[in-house]
Amino acid sequence: MPLSSSTLTLVVLLLLSMASRARPCTGQEKSSLVRFITGLSWDGDLAKSSWRNNNGTAADCCSWEGITCSGGGGVVTEVSLPGRGLRGPISPALGDLTGLRRLNLSHNSLSRELPLEQLLKSSSPSGLVAIDVSFDRLEGELRELPSSNSTWLLQVLNISSNQFTGEFPSATWQAMDDLVVLNASNNSFHGRMPTSFCISSSLSFAVLGLCYNQFSGRILASLGICSELRVLRAGHNRFSGALPDELFNASSLEHLSLPNNGLYGKLGAAHIANLRNLAHLDLGGNGLDGKIPDSIGELRRLEVFRLDHNNMSGELPPALSNCTNLMTVDLKNNYFSRELTRIEFSALTNLKTLDLLFNGFTGTIPKSIFSCSNLSALRLADNKLHEQISPGIVNLKSLVFLSLAFNNFTNITNTLHVLKDCKNLTILLTNSNYKGEAMPEDEAIEGFQNLRILSLARFSLSGKIPLWLSKLKNLNVLFLQNN
């Protein structure tokens, strides 16, 4: 029901009354912010319209750009200045903002050390709960914080993509009982993973990011008692040893990413089924061996499955077909063998990328693959597949990238006639066992109108270079060597 004019007038007067009672920030809060910004330089005209006026610094810092105060004004609760071109050190003066709860200075060019202890020294009973200084240029070591201070209620700390060095302090995390998210990726930390996670830290600890550092030693078995751990990213380090069985007790895990380390051993068939919430599993670039266990089929939520560049072997388990949410399967550079026909690919309707490069698969391309209507990238190169390419491949309407190189397929003319009807194909690598065959000159092959890269190299093909190649209007790269 629309408001009457008298009611509307009353609402306006009430709002004006509330606004008039809003308190400006205190002199101490304003002074702390001025000291912070005075120590920095920046690109462009950061906050000139709100932080400064013709008489110098604007009176009420609660109205400054990037500053949020509590409901009634007066107390600064958030400083958020991401991507503003800030350069220079972070002033410890921010620690004098006694009501500060959230600090976001990410995607700038802030330098020198992170004054973590000073930022957390707030005398407020609430204290800082979130710090984000990711994608800056901070450096040096993280100093240990006294574990006796019980007022540190930090829940989120993102220091990723900086230049921090040294060992990761353990006692620091013992002082943070409420920590939920810690992201220290893309730095130069070294040494062992801190042992205090999930032992003295919060029972709500959910996200740990340590990738792209120089951590070494073993993956902590104690992570298995992190009942709320959902994301573990620790790839591109120097971790070694077998995956601890205890890790698979972290049944809340949704994302487990440990690529490019020195891990070895087998995927425990009795344990991996515990991770029923897992959507992303990346263990590529390690030294894992053995077979993929049948229990992989228990991971019904799995969307990304990467085991590339390991020493895995054997036949792919038919149970993989049960993972109907799969979008990416990357098993390249292993020793898998036997035929692919036992996998019911038609059940994998969400599959977009299938990479089986450099293995020992035999037989033919299974017809069930042609039911994967969302498949955009298929790489079967460097296997032992044979016979001719089935016309059913044209059912892959989304196919953009296809590599069949170094197999035992035959009949180059048939192959090109079939593939020309894959209308979205832009990259075609077909090097195979076409030795001694003549280069087809059939004009009907002109259907490749979207091709950008075409490789017909190393076939020992004979004859003339056909005219239809010159009619591929979008072709950027053509390989014909070794013919």
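Just to be sure before I move on: is Glu29 out of contact with any Gly (no Cβ under 6 Å at 6 or more places or on another chain), surrounded by 15 or more Cβ atoms within 10 Å (Cβ to Cβ) and at pLDDT 85 or above in the structure I sent? Step through it out loud before you land on a result.
Working: out of contact with any Gly (no Cβ under 6 Å at 6 or more places or on another chain): yes; surrounded by 15 or more Cβ atoms within 10 Å (Cβ to Cβ): yes; at pLDDT 85 or above: yes.
Yes, satisfied.
Take the range 392-424 and flag every residue that is aliphatic (A, V, I, L, M) and in a loop (DSSP other than H, G, I, E, B).
If we filter the range 392-424 for residues that are aliphatic (A, V, I, L, M), which is where we start, we get 393-394, 396, 399-400, 402, 404-405, 412, 416, 418-419.
Passing the criteria: Leu396, Leu399, Val400, Leu404, Ala405.
In this structure, does Ala242 turn out to be surrounded by fewer than 18 Cβ atoms within 10 Å (Cβ to Cβ) and in contact with a strand residue (DSSP E or B) (Cβ under 9 Å, 6 or more places away or on another chain)? Break it down into steps so the answer makes sense when it comes.
Details: surrounded by fewer than 18 Cβ atoms within 10 Å (Cβ to Cβ): yes; in contact with a strand residue (DSSP E or B) (Cβ under 9 Å, 6 or more places away or on another chain): yes.
In short, yes.
Identify the single condition in (1) of a type in the set (A, V, I, L, M, F, W, C); (2) closer than 18 Å to Leu267 by Cα; (3) touching a strand residue (DSSP E or B) at 6+ places or on another chain (Cβ under 8 Å) that Leu326 does not satisfy, given that it satisfies every other one.
Status for Leu326: all satisfied but (2).
Sort out which residues of the range 89-98 are at pLDDT 90 or above and either surrounded by fewer than 18 Cβ atoms within 10 Å (Cβ to Cβ) or assigned to a loop (DSSP other than H, G, I, E, B) (or both), and write them in order of number.
The answer is Pro89, Ile90, Ser91, Pro92, Leu97.
Hey, can you tell me all the residues within the range 358-375 that are outside any loop (DSSP other than H, G, I, E, B) and either in contact with a Phe, Trp or Tyr (Cβ under 7 Å, 6 or more places away or on another chain) or of a type in the set (D, E, K, R) (or both)?
First, pick out the residues of the range 358-375 that are outside any loop (DSSP other than H, G, I, E, B): 360-363, 367-371.
Result: Gly360, Phe361, Lys367, Ser368, Ile369, Ser371.
With the requirement that a residue be farther than 21 Å from Asn310 by Cα, touching a Ser or Thr at 6+ places or on another chain (Cβ under 7 Å) and surrounded by fewer than 20 Cβ atoms within 10 Å (Cβ to Cβ), what does the range 351-365 give you?
Taking the range 351-365 and keeping what is farther than 21 Å from Asn310 by Cα, we get 351-352, 363-365.
With touching a Ser or Thr at 6+ places or on another chain (Cβ under 7 Å) added as a condition, the list becomes 352, 363, 365.
The answer is Lys352, Gly363.
The values are calculated or read from the model by the stated rules, or taken from the named source; none is laboratory data. As the structure is a computational prediction, the values presented were derived from the model and not from experiment. Here Cβ is always computed from backbone atoms with ideal geometry, including for glycine, and neighbour counts include all displayed protein chains.
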